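The structure under discussion appears below in the form of structure tokens.
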Amino acid sequence: MPRNRRPQLALAALGLLTAGLILAFMTVGAKGNWDFILPFRGRKLLGLVIIAHAVACSTVLFQTVTSNRILTPAIMGFDSLFVLCATLLVTAFGSTAMAGFDPRLIFAANAVLMVAASMALYRWLFRDGTEDLHRILLIGVVVGILFRSLAEFLQRMLDPNEFMVLTDMMFASFNAVPLDLLGVASLLVGLVTLWLIPRLPRLDVMALGRPVGINLGLDWRRETMAVLVAISVLVSVSVALVGPILFFGLMAAALAHLAVGSSAHRHVLPAASLIAVSLLVGGQMLLERVFAFDTALRILVEFAGGIIFITLLVARGRR
Amino acid sequence: MIRIQNITKSFGRTQVLQDVSLDLPEGGVTALIGPNGAGKSTLLSIIARLAPADGGRVSIDGLDAHQAPSADLARLIAMLRQDNHLTARLTVRELIGFGRFPHSGGRLNAADQAAIDRAVAYLDLAELQHRFLDQLSGGQRQRAFVAMTIAQETKYLLLDEPLNNLDMKHARAMMRLLRQISQDLGKTVLVVLHDINFASCHADRIVAMKDGRIFATGTPRQIVAPEVLADLYETDIPVHDIDGRRIAAFYD
Amino acid sequence: MPVLAIAIAINLGLAALSLFVGVSQVSLSGLWAGQDDQWLVLIESRLPRMAALILAGATMAIAGVLTQTLIRNRFVEPSNTGMMEAAGLGLLLMMLLFPAAPIIAKMAVGTVFAMAGTAIFLAILRRVPMRDPMLVPLIGIMLSGIIFAGSSFVAYRFDMVQSLLAWTQGDLSGVMRGRYELLWLAAVGAGLAWFAADRFTVAGLGRDMASSLGLSHGRVVALGLAIVSLVTAIVVVSVGMIPFLGLIVPNIVSLALGDNMRRAIPWAAIGGAGLVLFCDILGRVIIMPYEVPVGTIMGVIGSAVFLWLIAGRRRAA
């Protein structure tokens with residue numbers, strides 16, 4: 001029986017690429033004391049890897065739950081929802097009181113709020129099934145704008161003088177990942193990944209859509225809700241670390257499908273994750289070392305991702 | 001046996017199913033017919049636990065279709081819908097392999113591979129098995145999906161309007177296949193059909209529905225009769241005997 | 001027309017209110033008593049602000065009516081067709097390359113960029129044969145996002161984030177005498193749209209229908225979108241982006257009155273002016289003595305109403 005070796009080959013190539021980029025990130029242009037450089041760059045690298053992995057996994061999972069290759073949590077407003085949850089929490093307790101808390105505690109509270117709120121959002125968005133893709137997309141996009149506007153409004157109300165400080169916090173850059181959250185973020189992302197591994201075959205079935213999934217014996221409601229909790233946790237981690245990024249996940253997932261030419265999650269998930277890591281680590285290195293210009297990575301990602309999104313939409317419209 | 005007891009269902013204010021009760025014995029092909037909006041597809045979806053009922057219960061060999069673990073039911077009953085659009089890009093063999101999921105949980109062993117081989121052979125898909133689904137014609141794709149339900153090795157098979165979008169040749173082949181499946185593999189087949197002549201020629205039993213209720217049940221000879229059809233479809237339909245089969249002539 | 005009279009009366013009331021709301025005290029008794037400082041605030045700041053509010057609101061709403069008629073989609077307006085962001089990019093590039101250019105030149109370049117943005121948008125739409133009404137604004141929002149990412153890149157590279165923010169957030173707190181008068185030009189453009197309303201209505205029936213009625217479809221659409229681009233560029237350069245205004249006001253007018261443009265335009269103008277006046281007054285009083293920019297408030301109200309409009313479509317379908 002002829003077996004398709006392409007996914008394995010693609011994964012191996014991506015693995016090598018990622019490893020090479022990581023090595024370069026750690027060593028290129030390093031001057032002086034290694035005892036300082038390694039931990040310093042290592043923390044930065046860890047941040048980028050966690051963000052990339054969280055965004056890639058949450059996107060692929062979301063596309064599986066919705067049986068669609070265009071929808072992503074960020075595009076459907078989940079990222080903005082996290083910002084809104086965070087802002088609501090600050091509004092409720094006051095910014096001075098919040099300053100006294102451990103940031104990890106605040107993050108945990110945000111994540112819990114986020115899980116509950118995203119369940120409600122998902123139920124509302126998909127209450128009529130996913131038949132009418134464009135409307136659901138448009139509603140998701142506008143919901144995202146609404147959340148963002150509400151968050152901005154609340155931030156203005158909180159402290160008009162410190163508004164810029166607050167928005168800076170929400171739009172942290174890849175270069176300034178909050179280090180105090182790295183530990184808890186790695187732990188959460190690691191746990192979710194471990195939880196996913198035995199579920200890979202079930203995810204493959206889920207990607208066939210609700211009717212086929214139920215027919216093949218999935219407890220659809222429970223499974224989707226469980227995956228959604230995982231997505232919410234991953235989104236919470238990535239937004240808390242770098243703020244919302246609209247198109248990055250879409251880019252990673254689309255490229256992963258192209259690269260492995262398979263729909264099996266055991267290929268797509270690692271591929272998406274490796275591609276995301278390569279894009280972030282490689283892009284950050286390129287901007288820092290070659291162009292000496294390090295704030296713009298997210299802008300470039302949004303620019304390229306937006307073009308990919310429109311291309312996907314147009315291609316889909318043609319079919 | 002599939003036992004349907006007092007099923008009711010409404011969407012908003014429209015009552016789609018009103019107190020439907022029906023016993024489907026094992027074996028043979030049963031055709032579900034009736035005018036548009038009679039509730040045929042809804043009933044099928046409720047039996048296959050794709051939609052919840054507002055009231056009543058469905059039991060399949062004693063298992064409650066909406067209470068029993070979905071995984072157990074998946075080894076007992078399979079359903080094929082008319083719209084089988086997939087986002088995932090799969091080969092025919094991969095798709096058929098998913099039919100083994102209820103048995104294997106996703107890790108295919110030798111027995112699963114053998115079942116897949118049988119399904120591939122049964123539907124004559126050996127040539128196509130490594131092609132991607134989106135490279136197939138509509139009729140071929142339909143066969144691949146039927147092969148998936150065969151590999152699922154369930155006792156019951158439900159199909160919702162499987163002849164939609166098929167030309168005469170493929171429609172006829174599909175109906176022959178369903179009969180063959182029920183004879184060779186001992187499956188109980190329940191199929192929603194629009195064309196009553198296919199029901200008349202290929203079904204062992206016909207269940208006619210109208211306005212969310214069971215209108216009549218019987219053999220093709222009993223149901224495909226002018227007086228029954230006139231009431232069912234509210235239009236006069238002459239019926240002819242051609243080579244020992246009842247054929248409704250509604251094309252004039 | 002008693003309803004029209006009531007609407008105008010409400011607008012006049014809001015306009016009058018906007019003169020007397022704010023951190024610096026301005027009151028009728030003070031003005032009557034001839035207090036110079038109050039007269040100064042009134043003439044230098046409050047009156048220009050009121051005029052800017054009315055002009056920006058009315059012209060953006062008319063621009064929305066025109067965009068929707070010509071693109072033949074209910075859910076588009078300058079801020080989700082690439083137009084507003086492209087105008088902003090044009091202004092930014094002018095600031096960068098020719099910082100000393102007069103404002104009218106900057107506005108002209110902004111207009112040209114807005115037209116180019118619209119052209120790109122229309123070119124993408126032509127490549128989508130399936131014209132799902134929901135797809136059109138979706139592509140527009142994403143295109144706007146891409147253009148905005150381009151602007152942000154330029155702004156970061158050349159340290160101009162502050163100027164970019166000034167245009168992206170509709171804010172009238174800085175409006176003073178001598179800094180808003182370009183808006184009168186926008187009003188001229190909007191007036192032109194009213195004058196040619198019948199042509200635009202016919203063009204809105206589609207190329208085939210318009211041609212069989214003897215109208216040069218392409219030319220009329222180009223003229224209409226040029227007017228919209230001009231209005232958009234002027235509003236962006238004088239008060240910043242006010243999102244959704246051109247979307248929700250025309251839709252509500254259309255729900256109430258139908259789609260004859262000649263009838264819809266005055267109502268859209270009144271509605272737009274009234275809504276912006278209301279939002280601006282709200283922004284001034286809600287956290288006195290600070291201000292919430294009108295763009296922020298419109299973002300919340302506008303996206304909520306837009307959502308309601310799309311959801312309403314669900315019921316109709």
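Coordinate-derived values only; no laboratory data. Remember, predicted model here, so these are calculated numbers, not experimental data. Note: ideal-geometry Cβ built from the backbone for every residue, glycine included; neighbour counts use all protein chains shown.
Structure data summary
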item	result
Förster-model FRET efficiency, 30 Å R0, C:ALA16 and C:LEU96, C-beta, rounded to 0.05	0.15
Charge dipole (region A:49-246, unit charges on Cβ, about Cα centre) - positive-most of A:SER67, A:SER232, A:SER118	A:SER67
All-pairs alpha carbon distance profile, region A:180-316, 10 Å steps from 0, percent	10, 32, 38, 16, 3, 0
Most mobile listed residue (A:ASN215, A:ASN68, A:ASN110) in chain A, GNM with C-alpha springs under 10 Å	A:ASN215
Radius, Kirkwood style, for region A:49-246 when every pair of distinct Cα atoms is counted (Å)	17.4
Simple label model, 7 Å out from Cα along Cβ direction - A:GLN8 to B:ARG213, nm	6.3
Least to most buried among B:HIS240, A:HIS257 (fewest other Cβ within 10 Å first)	B:HIS240, A:HIS257
Degrees separating the helix C:183-195 axis from the principal Cα axis of chain C, which is the longest one	40
Test item: Cα-centred dipole of chain A, Lys/Arg +1 and Asp/Glu -1 on Cβ, debye	1120
Inter-chain shielding of C:296-308 (mean C-beta neighbours from other protein chains, 10 Å cut-off)	5
Percent of alpha-carbon pairs separated by more than 25 Å within chain C	49
Dipole magnitude of region A:1-134, debye to nearest 20 (Cβ charges: Lys/Arg +1, Asp/Glu -1, about Cα centre)	580
Most mobile of A:SER80, A:SER149, A:SER118 in a GNM of chain A (Cα contacts under 10 Å)	A:SER149
Two-site label geometry, B:GLN5 and B:ALA230: point separation in nm, points 7 Å out along Cα→Cβ	3.9
For region B:77-153, convex hull volume per residue from C-alpha positions, Å³	87
Those trypsin sites (Lys or Arg not before Pro) in region C:75-146 that DSSP places in a loop and that have at most 15 other beta carbons within 10 Å	C:ARG127, C:ARG131
Estimated 222 nm signal from helices in the protein assembly as shown, with DSSP H stretches of n ≥ 4 weighted -39500 (n - 2.57), rounded to 500	-20500 deg cm²/dmol
Exposure proxy order (Cβ contacts within 10 Å, fewest to most) of B:ILE214, C:ILE62	B:ILE214, C:ILE62
Theoretical FRET efficiency, 1/(1+(r/R0)^6), r = Cβ-Cβ of A:ARG41 and A:ALA116, R0 41 Å, to 0.05	0.65
Residue among A:PHE36, A:PHE107, A:PHE62 with the largest mean-square fluctuation in a Gaussian network model of chain A, springs linking Cα atoms under 10 Å	A:PHE36
Neighbour-count order for C:MET83, C:MET94, B:MET148, fewest beta carbons within 10 angstrom listed first	C:MET94, B:MET148, C:MET83
Angle in degrees between helix B:110-122 and the longest Cα principal axis of chain B, rounded to the nearest 10	50
Relative contact order (%) - region B:1-110, alpha-carbon pairs under 8 angstrom, separation at least six	23
For region C:1-71 and region C:108-163, distance of Cα centres in Å	31
Relative contact order (%) - criterion: Cα under 8 Å, at least six apart; region: chain A	35
Of the chymotrypsin sites (Phe, Trp or Tyr not before Pro) in region C:74-160, those whose Cβ has at most 16 other Cβ within 10 Å and which sit in DSSP loop	C:PHE158
For region C:133-238: relative contact order, % (alpha-carbon pairs under 8 angstrom, 6 or more apart)	28
D (Stokes-Einstein, µm²/s), Kirkwood Cα radius, the protein assembly as shown, 1.567 mPa s at 4 °C	42
Residues of region C:237-262 with amide N under 19 Å of a point placed 7 Å along Cα→Cβ from C:TRP308	C:243-258
Crossing angle, helix B:168-184 versus chain B [Cα axis fit, 0-90 degrees, rounded to tens]	80
Simple spin-label estimate for C:VAL154 and C:LEU282 in nanometres, 7 Å along Cα-Cβ	3.3
